[in-house]
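The values are calculated or read from the model by the stated rules, or taken from the named source; none is laboratory data. Model, not experiment: these values are computed from the prediction. Note that we place each Cβ from the backbone using ideal geometry, even for glycine, and neighbour counts take in every protein chain shown. When the accessible area is computed, the model is the full protein with side chains, heavy atoms only, and any ligands, DNA or RNA have been set aside. Shrake-Rupley method; radii C 1.70, N 1.55, O 1.52, S 1.80 Å.
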Amino acid sequence: MPEAPLLDVRGLRVRFNAQVEAVRGVDLTVERGQTHCVVGESGCGKSVSSLAVMGLLARGAKRSAAHMRFDGQDILGLSDTALQRLRGDRMAMIFQEPMTSLNPAYTIGSQMAEALTRHRKVGKQQALDRAAELLTKVGITAPGLRLAQYPHQLSGGLRQRVMIAMALMCDPELLIADEPTTALDVTVQAQILRLLRDLQAELGLAILLITHDLGVVARIAHKVSVMYAGEVVESASATDLFAAPRHPYTQGLLGCVPIPGKIKRGDPLGSIPGTVPRIADGFTGCGFRDRCAHAMPQCAVSVPQRDDGAGHRHLCHLS
Amino acid sequence: MLKFLARRALLAVLVMLTVLTISFALTRLSGDVAVAMAGPQATQQDVDTIRKAYGLDRPLTVQFVSWVADVASGDLGRSYLYHAPVGELIRSRLPVTLTLGLTGLVIALCLALPLGIVAAMNEGRVLDRGIMMVAVLGQAMPSFWLGLLLVIWLGVKWQLLPISGVETWDGYVLPGFVLAFSAVPALMRLTRGGMVDALASDYVRTARAKGLTRFSVVMKHALRNAAMPVVAVAAVQLGFMLGGSIVIESVFALNGVGYLAWESISKNDFPVVQAVVLFLATIYIALTLLADMFNAVLDPRLRIS
Ligand SMILES: Nc1ncnc2c1ncn2[C@@H]1O[C@H](COP(=O)(O)OP(=O)(O)OP(=O)(O)O)[C@@H](O)[C@H]1O
Ligand SMILES: [Mg+2]
């Protein structure tokens, strides 16, 4: 029997208000030491899903799921304190907005150190030593100097490196990275992604990487989930997905260059005419049908979940 | 940092000069000072004597320049009522007024900060609405009326606190509370607003992602950023409170600078009035300067560019 996945989420739902569900039954599985990429248009629920896993949703958001397990342990019904102990220790997260994600009032050193002192019985100095070591690891020179600096003294790329180093303070098993490079310029993007890939190889980290960049997916993903309007419409190993995309939406995304290794870094997702519909409660059928070239009458009624038995799943009448 | 403070200090000096001019002008514009000092029964001769004695017969510009020069050399003039140097009068009454002002500020902050924080943490819920409603009601209630209520109930009926004089420390409680009262709603709203923003910020999300406890997220990461505008306004409010002490000290019979001001205004002791206005303004300016410095301590972006 294969080892249980590190993160196993089934049927995740999130709603912010009575009418609209932002996430409608998402399944996500992250294996130990692997990279799972989530792609999809803006607003399809990628950030909300990942925040829901971390228990970091804004107040007022309602989260439910069939189950949500981290290392076999149920984290859905976990108390606030128990979840706090897990967060930042065994699962860590970095965000889309490096410019604002660090507290302007505290030094880099103090912010990094508290991530370790919160979870481990170590002194401040030991924590700072660990922080310096990690800053070096993420490619920051003169770590001693940086530790004494404040966020506003650092560039966006440096701040994102600091965020990554801070996430690694407790040696987490899972790192959730929500579009970690979107706000950075292109050369820096490449560096950060290379860094994440190297860190994964070195530390055996599992990464849930949310991205817009298909080039990134092609290069570092083991598994890919494609999200559309609050659902995962297709999920497969990266090789399978690029070789034989099944969902029309995925096909549209990959449109121009569906071969791994041939997609240039920074390519935008293929653009598909139309916009994401507003999915109100009581909506049935496929959310993509209005934009789909293969739409059939039954698409308005239901969508079957298809599974080829080898881990390639998609939501569509076509197989 | 030094540049920032130098700019603020320069600004303070300019404001100071303006205040000198205004407090001078106010006492001279309120009528013929010599006539007022001499009183209703005085003859023209008496008035002339007074005018000469206080140098009021000189041109206004000369009076102003000589007064500024005196002030600059630390001489605030003499009270004709007490026949004593004004500087000494103020100095002897200062402890009472400062204690009163600080008591007021501490009480105001002890009420405003926790209430603002709790309201922000419960934004939009019943608790938040309730707290904000009390704040509005509080703002609508005149503080002299509250003062009277407190005096009647706590002082007279239940005899819990003294209602006049400051022979013991608890004499400061009632007047301090009344002073604090008008400052609470503004400080509380500011705290709440700052905390609501801070709690919704990306860095607070990061703090939560690190697994920090709720206490540390709120009190360390959010409050530090929300506190900056509160500090500035608290300094201003303390200035208002010192000004407000003119009324409160007369009501509660505290012999402080405020009482001195009230007395000298009603008896036309113009050197004292001038000096007290100047003095309160100076404190006010010093407070804002202090708040700027304190903010620079709180916010590294002001300190290090
Ligand atoms: N705090 C919130 N309150 C109400 N609605 C929200 C909130 N946060 C997100 N949403 C809604 O949830 C949906 C999904 O948002 P989400 O941020 O997950 O998109 P995303 O896939 O991460 O997009 P992007 O690529 O732009 O980051 C959006 O329609 C958004 O309007
Ligand atoms: Mg997002």
Give me the extension gain from A:SER319 to A:SER155: residue separation times 0.36 nm, minus the current Cα-Cα distance, reported in nm with one decimal.
54.3 nm
Electrostatic dipole magnitude of the stretch B:2-72 [Cβ: Lys, Arg +1; Asp, Glu -1; Cα centre; debye, to 20]:
540
Take the alpha carbon gyration tensor of the stretch A:99-169, find the square roots of its eigenvalues, order them as a ≥ b ≥ c, and report rounded if a/c is under 1.5; if not, report prolate when a/b exceeds b/c, else oblate.
prolate
With the dipole of the protein assembly as shown defined by +1 on each Lys or Arg Cβ and -1 on each Asp or Glu Cβ, the option from B:TRP153, A:PRO248, A:GLN84 whose Cα lies farthest towards the positive pole is A:PRO248
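For the full complex of protein chains and a 1.4 angstrom probe, list A:MET112, B:MET219 by accessible area with the highest value first.
Values: A:MET112 0, B:MET219 80 Å².
So, going from the largest accessible area down, we get B:MET219, A:MET112.
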Sequence-distant or interchain residues sharing an amide H contact under 5 Å with A:VAL38, placed H: which?
A:LEU209, A:ILE210, A:THR211, A:SER225
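What does the extension gain come out to for B:MET16 and B:VAL297, with contour length at 0.36 nm per residue minus their alpha carbon separation? Show your work: numbers first, answer last.
On the way: separation 281, 0.36 × 281 = 101.16 nm, distance 2.46 nm.
Gain in length upon complete extension: 98.7 nm.
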Taking 1 over the mean of 1/r across every pair of different Cα atoms in the stretch B:94-304, what Kirkwood radius in Å do you get?
18.7
Roughly how tilted is helix A:186-203, in degrees to the nearest 10 and between 0 and 90, from the longest Cα axis of chain A?
80
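Which of the peptides B:52-62, B:76-86 is most tightly packed, and how do the rest follow, going by the mean number of other Cβ atoms within 10 Å of each residue?
Working: B:52-62: 12.4, B:76-86: 17.2.
Top to bottom by mean Cβ count within 10 Å: B:76-86, B:52-62.
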Taking a label point 7 Å from the Cα of B:PHE240 along Cα-to-Cβ, the residues of the stretch B:137-152 whose backbone nitrogen sits under 11 Å from it are B:139
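Quick one: which of A:LYS124/B:LYS210; A:LYS62/B:LYS220; A:LYS137/B:LYS220 span more than 20 angstrom between C-alpha atoms?
Values: A:LYS124/B:LYS210 16 Å; A:LYS62/B:LYS220 27 Å; A:LYS137/B:LYS220 28 Å.
Violating the 20 Å limit, Cα to Cα: A:LYS62/B:LYS220; A:LYS137/B:LYS220.
Using only Cα atoms, figure out Rg for the stretch A:104-229 and give it as a multiple of 2.2 N^0.38 Å. Don't jump to the answer; show the numbers that get you there.
Working: Rg = 15.0 Å, N = 126, 2.2 N^0.38 = 13.8 Å.
Cα Rg divided by the expected 2.2 N^0.38 Å: 1.09.
When the chain is fully extended, how far beyond the present Cα-Cα distance does B:VAL35 get from B:GLN63, taking 0.36 nm per residue of separation? Let's see the in-between values first.
Numbers: separation 28, 0.36 × 28 = 10.08 nm, distance 1.71 nm.
Full extension from B:VAL35 to B:GLN63 adds 8.4 nm.
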Need one number: nm distance between label points at B:ASN122 and B:GLN44, each 7 Å from Cα along Cα→Cβ, rounded to one decimal.
7.4
Over the Cα atoms of chain A, what radius of gyration and what Dmax do you get, in Å?
20.0, 66
Degrees, to the nearest 10: B:270-298 long Cα axis against longest axis of chain B
20
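What average count of beta carbons from other chains do you get within 10 Å of the Cβ of residues in B:197-204? Numbers along the way, then the final one.
On the way: counts 0, 2, 2, 2, 4, 9, 11, 2.
Going residue by residue through B:197-204 and averaging, the value is 4.
Please state the charge dipole magnitude for the stretch A:38-197, taken about the Cα centre, from unit charges on C-beta atoms (+1 on K and R, -1 on D and E), reported in debye and rounded to the nearest 20. Don't jump to the answer; show the numbers that get you there.
Details: 19 positive and 14 negative charges, 56 e Å.
That gives the stretch A:38-197 a dipole magnitude of about 260 debye.
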Relative to chain B, whose Cα atoms define the longest principal axis, helix B:223-251 and its Cα axis are tilted in degrees, nearest 10, by 30
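For the protein assembly as shown, go through all pairs of different Cα atoms, get the mean of 1/r, take its inverse, and jot down that Kirkwood value in Å.
Details: mean 1/r = 0.0339 Å⁻¹.
Its Kirkwood hydrodynamic radius stands at 29.5 Å.
Across peptide A:103-113, how many C-beta atoms of other chains are within 10 Å of each residue C-beta, on average? Intermediate values should be presented prior to the final figure.
Details: counts 12, 7, 13, 7, 1, 0, 0, 1, 5, 1, 0.
Whole-number average of other-chain Cβ neighbours for A:103-113 is 4.
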Among the DSSP beta bridges whose two residues both lie in the protein assembly as shown, what percent are antiparallel, rounded to the nearest 5?
60
Quickly rank A:287-300, B:277-290, A:42-55, B:133-146 as a protection proxy: mean count of other C-beta atoms within 10 Å, highest first.
A:42-55, B:277-290, A:287-300, B:133-146
Furthest towards positive pole of dipole, B:VAL71, B:ALA6, B:THR49, structure part the stretch B:2-72, Cβ charges
B:ALA6
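Rg over Rh of the stretch B:199-305, using C-alpha atoms and the Kirkwood radius, what does it come to?
On the way: Rg = 20.6 Å, Rh = 16.7 Å.
Radius of gyration over Kirkwood radius for the stretch B:199-305 works out to 1.23.
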Charge dipole magnitude, Cβ of K and R +1, D and E -1 - the protein assembly as shown, Cα centre, debye nearest 20:
840
Hey, can you rank A:183-190, B:235-242, A:276-283, B:110-117 by average C-beta count inside 10 Å, highest first?
B:235-242, B:110-117, A:183-190, A:276-283
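Over all distinct Cα pairs, what is the inverse of the mean 1/r for the stretch B:260-305, reported as the Kirkwood hydrodynamic radius in Å?
Answer for the stretch B:260-305: a Kirkwood hydrodynamic radius of 12.6 Å.
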What's the percent breakdown of Cα-Cα distances in the stretch B:2-72 across 5 Å bins, shortest bin first?
3, 14, 19, 19, 14, 10, 7, 5, 4, 3, 2, 1
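Projected area of the stretch B:165-220, taken from the Cα convex hull and averaged over every viewing direction, in nm²? Could you put the intermediate results ahead of the total?
Numbers: hull surface 21.6 nm².
For the stretch B:165-220, averaging the hull's shadow over all directions gives 5.4 nm².
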Which one of B:GLY31, A:ALA293, B:VAL273 has its Cα pushed farthest toward the positive end of the charge dipole of the protein assembly as shown, where Lys and Arg give +1 and Asp and Glu give -1 at the Cβ?
A:ALA293
Chains B and A together, accessible area buried on both sides, 1.4 angstrom probe, square angstrom
2500
Distance (nanometres) between label positions extended 7 Å along Cα→Cβ at B:ALA200 and B:VAL106
3.6
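Given C-alpha coordinates of the stretch B:1-156, what is the ratio Rg to Rh with the Kirkwood estimate of Rh?
Details: Rg = 24.0 Å, Rh = 21.1 Å.
On the Cα set of the stretch B:1-156, Rg over Rh gives 1.14.
Can you tell me the relative contact order of the stretch B:206-273? Whole percent, Cα pairs under 8 Å, sequence separation 6 or more. Please report the intermediate quantities before stating the final value.
Values: 33 pairs, mean separation 10.9, N = 68.
This gives 16 percent for the stretch B:206-273.
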